[in-house]
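Comments concern the structure below.
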Amino acid sequence: LDKKQMVLTGVPGVGKSRYTTILMDSEHFLKDKTEMVQFHANYSYEDFIGSETLTSVGGATTVTTRRGVFLDFIQKAKNDPGNKYLFIIDELNRGNIAEIFGETILTLDRGYSVRLTKEIEGIISLEIPDNVYILGTMNTSDRNIAFLDLAIRRRFAFINLFPNYDFLSEMVVFESIDLGNVLKIINQRILETLGDPELLLGQSYFIPNDKDANYAWTIESFKNQFNFVLLPTLREYSFNDANA
């Protein structure tokens, strides 16, 4: 709330999506005043801020403009200053941030206003109002992504989440096995073999999907999770390492 913009980072399975979901419906934010987008290689400025489109009216083709999701969200927040608005960017570092934000990246420093390169639905400038908060998530184990632009890093607070072994030990049941200790041993071996802390596994790999069953695994469901989710992930991590 103080910084207004933060990024949750961590390896797969540490609970980034869970924290995001909790925040979307918390005492601070109302669910109907939140918006979520997911960045990817083809996500563009036109999707985010706005674009020109061709419209056919009476047989004649005219050029109109269309707001992108972020510009539309900002306009809604400006018209409702009494409520907090939360904008979530999942997989923040998968998109070309400089291209997606364009000239509007300066507005992440609150109090700045920039003139848009093109007028969009009568809007000629952009400024992020004080009641807008931005939350991003980053998967630190993804090797197909570039490092974040320093301009983004300076404007966001970064919170790194770590595997929660205690939750598995205390809450998740599978026979008489301490799953927190199991995950800890697996992660120790990942570090010893691959030497990369960004390839550790989060606790979600050992949390059953049916959480209504008091976080209890059946033998069959745990076997499927281990053989068809956990092991393929470890094989992927060690794909280029014949000794792993």
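Which sequence of Asp2, Asp25 reflects their accessible areas, 1.4 Å probe, from the largest down?
Asp2, Asp25
Lys/Arg Cβ at +1, Asp/Glu Cβ at -1, dipole of region 41-122 taken about the Cα centre: which of Thr64, Thr104, Gly82 is farthest positive-ward?
Positive-most Cα among the choices belongs to Gly82.
Taking each pair of distinct Cα atoms in region 21-66 once, what is the resulting Kirkwood hydrodynamic radius in Å?
13.9 Å
With viscosity set to 1.567 mPa s and temperature to 4 °C, compute the Stokes-Einstein D of region 14-120, Rh being the Kirkwood radius across alpha carbon pairs; µm²/s, no decimals.
Estimated diffusion coefficient is 83 µm²/s.
My understanding is that a pair violates if its Cα-Cα distance is over 32 Å; which of Lys16/Lys223; Lys3/Lys118; Lys4/Lys223 do that in this structure?
Numbers: Lys16/Lys223 25 Å; Lys3/Lys118 30 Å; Lys4/Lys223 43 Å.
Cα-Cα > 32 Å for Lys4/Lys223; rest within.
Taking a cut-off of 29 Å, what percent of all Cα-Cα pairs in the chain are separated by more than that? If you can, show how the numbers build up before the last one.
Values: 12773 of 29646 pairs.
Across the chain, Cα pairs with separations above 29 Å total 43 percent.
So what's the back-of-envelope 222 nm ellipticity for the chain, counting only DSSP H runs of four-plus at -39500 (n - 2.57) apiece and dividing by all residues, rounded to 500?
-7500 deg cm²/dmol
Mean-square fluctuation check for the chain, GNM, Cα pairs under 10 Å: which of Ala60, Ala157, Ala77 is largest?
Ala60
The values are calculated or read from the model by the stated rules, or taken from the named source; none is laboratory data. Computed from a predicted structure; not experimentally measured. Positions of Cβ are backbone-derived with ideal geometry, glycine not excepted, and every protein chain shown enters the neighbour counts. Ligands, DNA and RNA are stripped out before the accessible areas are found, and what is left, the full protein with its side chains, is counted by its heavy atoms. Shrake-Rupley method; radii C 1.70, N 1.55, O 1.52, S 1.80 Å.
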